[in-house]
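What follows is one structure encoded as structure tokens, with my remarks underneath.
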Amino acid sequence: MVAVMSTPKSNWLAAVELGLVSSTFSTIVSHLFAARIGRDAAVDWMTVAAIPARDWAISTEPSWSSILIGIAFHQWADFSWALVFFGVLGRWTAGLRPLTIFLLAMPWAVFTSATEWLLLVPLLPFWQPLFTLQQPYWIGLLVHMSSAAMYPVFSWLRYPLGRAPNTTDVVTAKAWGTAALATIAVLTGLAIFASLDRELPWMGADQQSDQNYMRHMTTHHAQGIELANLAVSRARDPHLRSLSMLMVASQTGEVRIFERWWRSWFDASMPLCSASELAAMPDLLSDGQMQQIKSAAPDQFDTLFIHLMSIHHAGAVKMADQAWRGQGDPRLRVMAHAIRHGQQGEIYLMHSASGFDAVYASLRNMIADNVNR
């Protein structure tokens, strides 16, 4: 019997296959894992879709078309980075061992996610500040890391199907692929239990503060949604209408997460805020202010809306900043950091921030509350 030699595929062909695998893996993981850290995956995909599709992609409830465009755009980006890593740089990367590939892939994920967040999306070629101002950098980093985590499988994919030699590198790559499938299975199970109000138990050190924050932010968001819905129907500036739609979608998604976490963690329905709590809530608009915006003349509505929503957002940023710096559940703190970033970003977007100003604002918003100083 004559042994058949297994000749590796071209780096580019194997890179194409790896790009499809890694981008699909990151899409599935991102979608399943998002809600575990307080993100509404549908809203995030819609925000990604707004990079190529602009305001057309944005609605008060993410549409399937926007979600699919966002997923497709994300997969195209991840696929492209894999082609660069194993195609353009294949002379140096293709022959590396799986663990070495993994060790290089993690800083590669840092580089690629930062390049997108700081340059390619807010500046050239897309010139779309919404993504960078609305989503903190670490969200994109986690997505890119999940994609790059699949790069070690390249050591297996570089051979024709069924003809890979039984080397240590190939065995390692196959085990890596099996672990990836197991990860998807675990995340799927967590998502199913979450849909039944069975999230992992609360894990903080200050339950009372977490409960107060969740109740207060839910109430604060309810008014924000009401205010944003007014702009959806009344704003004259088309971009302001689209931004208001995003506010409705993102805050509605966050309220759903708060309510699901409350039922899961505390096995009860979330109590309403008392009159004294409403009076003490940061920048909750008064009945008079709400009546003022509802009765505003058409030519005054946009300016008044931006003014009042900026005040309202500042209150949410203050509450989220306190929760982020507190001792609550890590998931709630991570979510609070994203809320602090996104609502500050929306203030800048309402004031037409773009280009380098948007990038600079996003970097500052990642670090601190910059609207209540």
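Answer yes or no as to whether residue 269 is within 27 Å of residue 61 (Cβ to Cβ) and without any contact (Cβ under 8 Å) to a residue 12 or more places away in the chain.
Working: within 27 Å of residue 61 (Cβ to Cβ): yes; without any contact (Cβ under 8 Å) to a residue 12 or more places away in the chain: yes.
So residue 269 fits the description; yes.
State yes or no: is residue 173 more than 30 Å from residue 367 (Cβ to Cβ), assigned to a loop (DSSP other than H, G, I, E, B) and touching a residue at least 60 places away in the same chain (Cβ under 8 Å)?
For residue 173, the condition - more than 30 Å from residue 367 (Cβ to Cβ), assigned to a loop (DSSP other than H, G, I, E, B) and touching a residue at least 60 places away in the same chain (Cβ under 8 Å) - is not met.
Any residue at all in region 143-159 that's modelled with pLDDT of 95 or more, of a type in the set (Gly, Ala, Ser), touching an Asp or Glu at 6+ places or on another chain (Cβ under 8 Å) and over 19 Å from residue 354 (Cβ atoms)?
Within region 143-159, one or more residues are modelled with pLDDT of 95 or more, of a type in the set (Gly, Ala, Ser), touching an Asp or Glu at 6+ places or on another chain (Cβ under 8 Å) and over 19 Å from residue 354 (Cβ atoms).
Could you identify the single residue in 352, 310 that is of a type outside the set (Val, Ile, Thr) and either farther than 23 Å from residue 61 by Cα or in contact with a strand residue (DSSP E or B) (Cβ under 6 Å, 6 or more places away or on another chain) (or both)?
352
Does region 212-246 hold any residues that are touching a helix residue (DSSP H, G or I) at 6+ places or on another chain (Cβ under 7 Å) and either under 16 Å from residue 321 (Cα atoms) or at pLDDT below 95 (or both), and which are they?
Scanning region 212-246 gives 213, 214, 216, 217, 218, 220, 221.
Only one of 353, 336, 323 is closer than 28 Å to residue 54 by Cα and not in a loop (DSSP other than H, G, I, E, B). Can you tell me which?
Every option except 336 fails the conditions.
Quick one: residue 62 ticks every box in (1) touching a helix residue (DSSP H, G or I) at 6+ places or on another chain (Cβ under 6 Å); (2) in a helix (DSSP H, G or I) except a single one, so which number is it?
Exception for residue 62: condition (2).
Determine which member of the set 338, 268, 323 is among the hydrophobic types (A, V, I, L, M, F, W, C), within 30 Å of residue 203 (Cα to Cα) and at pLDDT below 95.
It is 268.
Among the candidates 123, 181, 230, which residue alone is of a type outside the set (D, E, K, R) and within 21 Å of the chain's Cα centre (by Cα)? Give the derivation first.
Details: 181 fails: within 21 Å of the chain's Cα centre (by Cα); 230 fails: within 21 Å of the chain's Cα centre (by Cα).
Going through 123, 181, 230 in turn, just one is of a type outside the set (D, E, K, R) and within 21 Å of the chain's Cα centre (by Cα): 123.
Quick check on this structure: which one of 105, 42 is more than 30 Å from residue 259 (Cα to Cα), among the small types (Gly, Ala, Ser) and part of a helix (DSSP H, G or I)?
The conditions single out 105.
Do any residues in region 32-59 that are under 30 Å from residue 265 (Cα atoms) have Cβ atoms under 6 Å from those of residues that are acidic (Asp, Glu) and not in a helix (DSSP H, G or I), where the two are at least six apart or on different chains, and which pairs are they?
From residues that are under 30 Å from residue 265 (Cα atoms), there are no pairs.
Give region 121-141 a look and list any residue that's part of a helix (DSSP H, G or I), surrounded by 19 or more Cβ atoms within 10 Å (Cβ to Cβ) and hydrophobic (A, V, I, L, M, F, W, C), or say none.
Answer for region 121-141, where residues must be part of a helix (DSSP H, G or I), surrounded by 19 or more Cβ atoms within 10 Å (Cβ to Cβ) and hydrophobic (A, V, I, L, M, F, W, C): 130, 131, 133, 139.
Condition check: open to solvent by 60 Å² or more (accessible area, probe 1.4 Å) and closer than 22 Å to residue 344 by Cβ. Does residue 166 satisfy that?
In short, no.
The values are calculated or read from the model by the stated rules, or taken from the named source; none is laboratory data. From a predicted model like this one, the values you see are computed outputs, not experimental measurements. When we count neighbours, we look across all protein chains shown, and the Cβ atoms used for this are built from the backbone with ideal geometry, even at glycine. Please note that ligands, DNA and RNA were not included when accessible areas were found on the heavy atoms of the full protein model with its side chains. Shrake-Rupley method; radii C 1.70, N 1.55, O 1.52, S 1.80 Å.
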